[in-house]
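Any read-out appearing in this document is the output of simple, stated calculations on the displayed coordinates, not a laboratory observation. All of these numbers come straight from a predicted model, not from anything done at the bench. Cβ atoms come from the backbone with ideal geometry, glycine included; neighbour counts cover every protein chain shown.
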Amino acid sequence: PCLMWLCSVLAEKTGKVLGEFSRCYKEQYGVALFNSVRYEIEGNGGPQAQLLHRKVPLEDHVIYSGNLFQYIEENKKWRNRFCVVPHNYGLVLYENKLAYERDLSPRVLINSAGYKILTSVDQYLELVNNSLPGVTPKSGHSPILKCPTDFPLILWHPYARHYYFCVMTGKEQEKWRAVFQDCVRHCNNGISEDSKVEAPAFTDAIRMYRQAKEQYGTWDMLCGTETQVLSNLAMEELLPELRTTIGPRLKGKAQERQRTWIQISDAVYRMVYEQTKAHYDALTAKCEQERPQMESTIRTDMDQIITSKEHLASKIRAFVLPKAEVCVRNHVQPYISSILEALMTPTSQGFAEVREVFFKEVTDMNMNIVNEGGLEKLVEYMEKLSHLAFHPVKMQSCYEKMDQLKLEGLQQRFDVSSTSVFKQRAQIHMRQQMDDAVYTFETLLHQELGKLQGKDDLCKSIQRILERVLKKYDYDSSTVRKKFFREALLQITIPFLLKKLAPTCKGELAKFQELIFEDFASFILVENMYEEVVLQSVMKDIMQAVKEAAVQRKHNLYRDSMVMHNSDPNLHLLGEGVPIDWGEEYSGQPEAEPQPDKRRRAKQVVSVIQDDEGVLPYEVATEVLLQPGSPEPDPGAPPSSPDGVEMIRKALAKGSLEDGVGEEERLMNAPPASPMPEADVPSETRVPCTTPASPRAETPSPSVGAACHQPSDKETGEEVALPGGECSPPQPTGTTESGEGVQTEF
């Protein structure tokens, strides 16, 4: 009964969090819908991008694959695993390369949203020790994890299961770290920006919910899909109480208590995730059902709603603006230039590095074409260049520039918990700008190829097009960076101002509610109008600071008055055409290949790091890698957990598996799944993962091999797995470590 009560309490508290969030979401949904319709009608005359934007950048591509060692918690052994990173950035772990080539089920599927990549066991132990205060192994005792090499790679999450990997060399570690960080960066950005209503409604609802609890400023766990973010929100409130309730009941050595706590936290997280997903799906379905009627009202009464908003804004402005301006003048304005400079330096260095990497890759390609041959070599190099932006190793030098971002004392003054949100946002912009530059270059080059005569013409044309694209890149990168600086300054200063003004302003807002007509109450919120007034109080200073930086040409920023209009009027029409397939178009084959063969031509963006399936040189040197489908050794009994903790874990596991065992669900941030399920794809249509040689190969790398299939979105999707932080011994249903099922993370 006690255990059932605990599960009931957790579910009840999660339901309370979701209920409060739902109220915020419904309010913000109407506001977001109104803003979307208004934008559609009125439009927005922002600067036009000069570079083209690729619609489907990674179709039929595998980003990465290779071998590394994973620690299996059940039998406390390190085993070789073949890791594949498909186009949606899920981490897919197979028993070995042969299992991948034979299309056997993967062992583990990981969505890395919210994870941190650690390259030191000491870093990991520090985080683990902090997760359960008062439980620290004594000096000289064995830590919770031992790594047999000096090159670990650990995926740490504050709530979910941890993953332990290692490799044999420092160079491998750096490459895998770059790959894992790219996965985290992509999965963290899981809320689709294409959604003009649901996405802003969700993020504003999260912000309003946290501000209602006096939690202002940036939030590190606003990462992943909507369900993941909501689960993080619930866990943020549940975990302290769970730690207080269960922590004292954990017995045994410090390492065992830490391990048990990680398993319990993971089990609760899975239970919360399932409850959250069901609730959020029902919430969005209800809002979508009400949308047509709301949209009809907006379109009919647009003018009256705008008039009502302006009237309300004028009243709130008269009350709030004088206080806000004093606060800005005394507490914000003196620091804007310092914050901006701290942001500009690493960001602009990163974008300059993007430009340099792009320039160097194209220049090297041009020189190799001169030395080695004409069109045939061009095709080979262009196939690789087209995915430069998604090469985590080559892009790492760009991303690393943002690691220098430090706000020093400003971070504490403005209650910025972490700069990671700004770092990742800038890095995503870098990747997008690189891909836009590459796509524009290959589109212009493709247009010119039919007019060229010989190798010399080709090389001159490449150089001329490169210069054109770099000019466009300079303009677009300036526009993107200025927008990023303005948004970052607002993200830093607005929460600070709201917190400062709350004692004198927030309690008085209720009196403005009577100024809103009841028919328009779904589209006008006093709280939102109040924030708009606060934003206006500081926006002028922010715009002026960014403008002055551009006038002084700091960090190669362009002035707002410099606008490039229709420099290539037909370029954007070219971008609407069929995507270029260099290998297919210039392969010299007289007939088009059938569809199955087209799929077979899928390439891998990054060469394999390590292809030999060796074993670790230490205590597992005699470990025999299992063949696909062969049973694992008995994982043995789980760590002892007296005082009913084991029963707690089982009860939590039961709760998290209700109505979910065996169900499959693809990654929420993945592209739509193929109409034909992967399980039904004939063997002859499997996609081989060939490895193109780099024009400047860092190290000779063998290819992935032929006849290996491309993981579908179903493979890299979500599956409800047994909680408890580990794969279970073979069971009739659920997931196992023996190959009968798949352990899948959120």
Overall Cα dimensions of segment 236-369, principal axis frame, Å, largest first: 65, 61, 45
Residue-by-residue Karplus 3J(HN,Hα) for segment 473-478, coefficients 6.51, -1.76, 1.60, Hz, glycine and proline x: 4, 4, 5, 5, 5, 5
Rg/Rh (Cα only; Kirkwood hydrodynamic radius) as it applies to segment 453-527: 1.46
Selection of GluC sites (Glu not before Pro), segment 143-208, meeting DSSP coil and at most 12 other Cβ within 10 Å: Glu193
Efficiency of FRET between Glu508 and Ala352 - r from beta-carbon atoms, R0 51 angstrom, step 0.05: 0.60
Long-range tail of P(r) for segment 515-558 (Cα pairs > 18 Å, %): 53
Paramagnetic reach from Asn330 (point 7 Å along Cα→Cβ, amide N under 19 Å) across segment 372-415: 413-415
Rg [Å, one decimal], Dmax [Å, integer] - segment 299-372, C-alpha atoms: 25.6, 73
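Going down the table (Lys213/Lys483; Lys315/Lys499; Lys175/Lys423; Lys384/Lys455), which pairs top 23 Å between alpha carbons?
Table pairs above 23 Å Cα-Cα are Lys213/Lys483.
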Per-pair calculated FRET efficiency, R0 = 25 Å: Leu127 and Ile428 via Cβ, rounded to 0.05: 0.50
Three-way shape label, segment 225-287, alpha-carbon gyration tensor, a/c 1.5: prolate
Label-to-label distance, nm, for residues given as Leu375 and His53 (7 Å Cα→Cβ offset): 3.4
Ordering of 78-90, 263-275 by burial proxy (mean other Cβ atoms within 10 Å per residue, highest first): 263-275, 78-90
Hz values of 3J(HN,Hα) by residue in segment 518-535 - Karplus curve (6.51, -1.76, 1.60), Gly and Pro given as x: 4, 5, 9, 5, 6, 10, 10, 10, 4, 4, 5, 5, 4, 5, 5, 5, 4, 4
Net lengthening on full extension, Glu408/Phe319 (0.36 nm per residue, minus Cα-Cα): 28.6 nm
Restraint check, Lys55/Lys116; Lys401/Lys500; Lys471/Lys554; Lys323/Lys406, Cα-Cα greater than 24 Å: Lys55/Lys116; Lys401/Lys500; Lys323/Lys406
Whole-Hz ³J(HN,Hα) from phi, Karplus 6.51 cos²θ - 1.76 cosθ + 1.60, for segment 220-227, glycine and proline x: 5, 8, 7, 8, x, 6, 4, 5
Global size of segment 344-474 as Cα Rg and Dmax, reported in angstrom: 17.9, 63
Label zone at Glu237 (point 7 Å along Cα-to-Cβ), backbone N below 19 Å, segment 9-51: 9-29
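Could you give the semi-axes, largest first, of the ellipsoid that matches segment 170-272, computed as the square roots of 5 times the alpha carbon gyration tensor eigenvalues and rounded to whole Å?
29, 24, 11
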Amide H within-cut-off set for Lys77, under 5 Å, with H built and near neighbours excluded: Ile72
Segment 458-550, relative contact order [Cα under 8 Å, separation at least 6], %: 41
Arg23 versus Asp150: modelled label distance in nm, points set 7 Å from Cα along the beta carbon direction: 5.8
Listed peptides 177-186, 401-410 by packing density, highest first (mean Cβ within 10 Å): 177-186, 401-410
Inter-label distance for Asp364 and Thr203, nm, one decimal - labels placed 7 Å from Cα along Cα-to-Cβ: 3.5
Taking segment 150-274 and dividing mean pair separation by its residue count, relative contact order in percent (alpha carbons under 8 Å, at least six apart): 28
